[in-house]
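**Q** Supplied in structure tokens, the structure appears directly below.
The values are calculated or read from the model by the stated rules, or taken from the named source; none is laboratory data. No experiment lies behind these values; they were computed from the predicted model shown. Because the Cβ atoms are built from the backbone with ideal geometry, glycine has one as well, and the counts that use them run over all protein chains shown.
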Amino acid sequence: MSHPTAWQTHRQYTVTAARWTADRWSKEADRRRTLRAARKPLVRDARAALAQAQAVDPQKVTSIVHRAERELATAKRKVPHPMWLFASKTTAAVAATGYIGLPLVPGRVWMWAAVAVSVAVAGAILWARLHRPAASPIEPTAEERALLKRLQPEHWREHAEQRGLTGTLTGRPALTESGIVVAVRLDGQWTATKLRGAEDHVRALLGARTSLRIQIKAGKKGGWAELTLRTRSAADGDDLLWSPERRTLGIDTVTGEHVTVPLGERLLIAGRSGAGKSVASRPLLYDASEGAMNALVIIDLKRVEGRLWDHRARVASTPEEVIEVVDELVAELNDRLSVLPKGQDTWTPTPDRPRITVVVDEGAEVVTAADKVPFPEVDDKGKTKVLLRSALPGLETVARMGRAGLIDLWWMTQKPTINDGIPKQIAPQISVSICLAVRTPAEARVVLGEDAQAKGWNADELPAPGVALVRDGTRKPDPVKVRYMDKAVVIALPAQPIWSRTSTPATATGAPTLTLVKPTTTPAVASIDGTDARILDAIENAATPVRQKDLAETTGLSKGTVSKAVKRLTDTGHITRRPDGGLTADKAA
């Protein structure tokens, strides 16, 4: 190695050592500064306690003064010296020791000491190079640099009293992929809940913009809170457009993980108008309608979202259709439970009897519109009577008992209040809640639980649209950016068989087998729909005239559906009602 090269190498090592020493000096100085800021108030309190004790007992008759003096001495010992003073004392001690003791050390000891020091220095340099921490890829923005400066304990302590936050003190803030996180020490009467109520004071102290989301929750130990400023999101930079390859609900903005909601759960999806409920539910509706083992039923009285899925789902968009499909679902559920093998807890899906997901879009409207709906029915004597029927009891039955029969209820509403938006018999059955932005904390508590706010589930603070909280019993209250699935993408999805309850010859167990069918017609009934065709087929295949009440059992359809179909077929001349009430098919028709 040439002389210039050696000089350059030594110079580089010197610069590195100096930089490392300066960095260690800075960190130790910051640590001591933080401890002094935290412990000097304790010294002042101890002095005040001593002065009070001396005033009470100036003759030191009791132990109160001696105890106060010991507490003051202990408090002083816990306050570290500033770095400059510590270094000065250390240098003076080393110099004095060297001046007195070094001349007495033999030369051989000096030689081996120099060897040991050289080896130690070389080893330390090698270890430092091998264990050098990776540089943080996160570069703070101008806003984050300002917030980090104001979150320093020195700045906080100086301005806390002016903002009504006396008794709180921050630790050292850290910049993460989801924003700035800092621990806050709480003294006196402060609690995490009380600090959360003083969020406006915290925002003012930091000079944070109004739209910046601030989260305050209990710390990892008593007397501490955790303050998080959501200046960034772990989902930034990810492609949130939905595709068959990206079928998750969304991305956690704190951890960056992909969030999924498996089928088989009873869901509540809530959020104010414009929060993005429909968009958030589309990836889930795709999963619920994909494959031979899944079938989707959508109850949508608004006739907007359901129309997008009518090639993959059975859609009920009128009160009469809602009641008919609910009747079929209850009948299907009862059949499944009646033939469920002994010792088996849940139904095993098959292509004939798949898992059925029932989605109620805008539940408040269904509760109101599908209640006391007039249904005309014709009795065996040909007389018509009107019955008032409601879909709610059937939906409550599905919510309570559907899990075993693999008929799952998903309830969606923009009015998350008990009885109005969520029936009180359905709310306790919900296992997973997906809450987008809501208007009030009360609505957030209805969706996410009474302990929602205390545990950080603040859905009323979420931005809209497209950000949700998912509470399933395991997740933390981290916001989730949901994937975007466009209407055109839904319409372009391949069609799937539409579920409908129909009967085939009974199995060995004596119970009918229910299948997924597409309405079929024969040349003789080409002008009528699938329900009327099944009624007509049942009448034609009967050896004797069929009574109307027997048709409901034969076809598996509800009485109301059979009654309307019989009336249509009678009006068109396809069937004839005999004087005794029996029904026969007109072959000429």
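**Q** Could we say that E28 is touching a helix residue (DSSP H, G or I) at 6+ places or on another chain (Cβ under 8 Å) and free of Cβ contacts under 8 Å to residues at least 40 places away in the same chain here?
**A** When the stated conditions are applied, E28 does not pass them.
**Q** Quick check: anything in segment 271-292 assigned by TED's automatic domain parsing to the domain that holds V367, outside any loop (DSSP other than H, G, I, E, B), within 19 Å of R501 (Cβ to Cβ) and in contact (Cβ under 8 Å) with a residue 60 or more places away in the chain?
**A** Yes.
**Q** Among the residues of segment 8-51, count how many are over 11 Å from V79 (Cβ atoms), among the aliphatic types (A, V, I, L, M) and modelled with pLDDT of 85 or more.
**A** Residues that pass the stated criteria total 5.
**Q** Okay, moving on. Return yes when L436 is without any contact (Cβ under 8 Å) to a residue 60 or more places away in the chain and touching a helix residue (DSSP H, G or I) at 6+ places or on another chain (Cβ under 9 Å) and no when it is not.
**A** no
**Q** Another question about this same structure. Quick check on my filter: what residues within segment 230-252 are part of a strand (DSSP E or B) and surrounded by fewer than 18 Cβ atoms within 10 Å (Cβ to Cβ)?
**A** Answer for segment 230-252, where residues must be part of a strand (DSSP E or B) and surrounded by fewer than 18 Cβ atoms within 10 Å (Cβ to Cβ): L241, S243, R246.
**Q** Criterion first (closer than 18 Å to D361 by Cα and buried (at least 17 other Cβ atoms within 10 Å of the Cβ)) does L284 satisfy it?
**A** Considered against the rule, which asks whether it is closer than 18 Å to D361 by Cα and buried (at least 17 other Cβ atoms within 10 Å of the Cβ), L284 comes out as yes.
**Q** A further question on this structure: Residues being more than 19 Å from K564 (Cα to Cα) and either of a type in the set (S, T, N, Q) or free of Cβ contacts under 8 Å to residues at least 40 places away in the same chain (or both): count how many of those fall in segment 316-334.
**A** Total satisfying the criteria: 1.
**Q** Further, regarding this structure: Quick check on my filter: what residues within segment 388-434 are surrounded by fewer than 18 Cβ atoms within 10 Å (Cβ to Cβ), of a type in the set (S, T, N, Q) and within 22 Å of A275 (Cβ to Cβ)?
**A** T417, N419, S431
**Q** Mind counting the residues in segment 39-69 that are surrounded by fewer than 13 Cβ atoms within 10 Å (Cβ to Cβ), charged (D, E, K, R) and either farther than 30 Å from T170 by Cβ or touching a residue at least 60 places away in the same chain (Cβ under 8 Å) (or both)?
**A** 1
**Q** For D529, work out the one condition from (1) on the phi < 0 side of the Ramachandran plot; (2) at pLDDT below 80; (3) in contact with a strand residue (DSSP E or B) (Cβ under 9 Å, 6 or more places away or on another chain); (4) not β-branched (V, I, T) it doesn't fulfil.
**A** (3)
**Q** Quick check: anything in segment 253-265 crowded, with 18+ Cβ neighbours inside 10 Å, assigned to a loop (DSSP other than H, G, I, E, B) and at pLDDT below 90?
**A** Checked against the condition, which is being crowded, with 18+ Cβ neighbours inside 10 Å, assigned to a loop (DSSP other than H, G, I, E, B) and at pLDDT below 90, segment 253-265 yields at least one hit.
**Q** Looking at this structure, is T584 at pLDDT 80 or above, in a helix (DSSP H, G or I) and over 30 Å from R312 (Cβ atoms)?
**A** no
**Q** If you don't mind, another one. Are any residues in segment 293-312 buried (at least 23 other Cβ atoms within 10 Å of the Cβ) and either among the small types (G, A, S) or not assigned by TED's automatic domain parsing to the domain that holds V367 (or both), and if so, which ones?
**A** Scanning segment 293-312 gives a single hit, A295.
**Q** Of the numbered conditions (1) within 30 Å of Q52 (Cβ to Cβ); (2) charged (D, E, K, R); (3) over 42 Å from the mean Cα position of the chain (by Cα), R108 fails exactly one; give the number of that condition.
**A** Result: R108 fails condition (1) only.
**Q** May I pose another question? Conditions first: (1) surrounded by 18 or more Cβ atoms within 10 Å (Cβ to Cβ); (2) touching a helix residue (DSSP H, G or I) at 6+ places or on another chain (Cβ under 7 Å). I491 passes all but one, so which condition is the exception?
**A** Status for I491: all satisfied but (1).
**Q** Test of understanding: among L557, L536, which residue is of a type in the set (A, V, I, L, M, F, W, C), buried (at least 21 other Cβ atoms within 10 Å of the Cβ), modelled with pLDDT under 80 and under 54 Å from the mean Cα position of the chain (by Cα)?
**A** None of the other options fit; the residue is L557.
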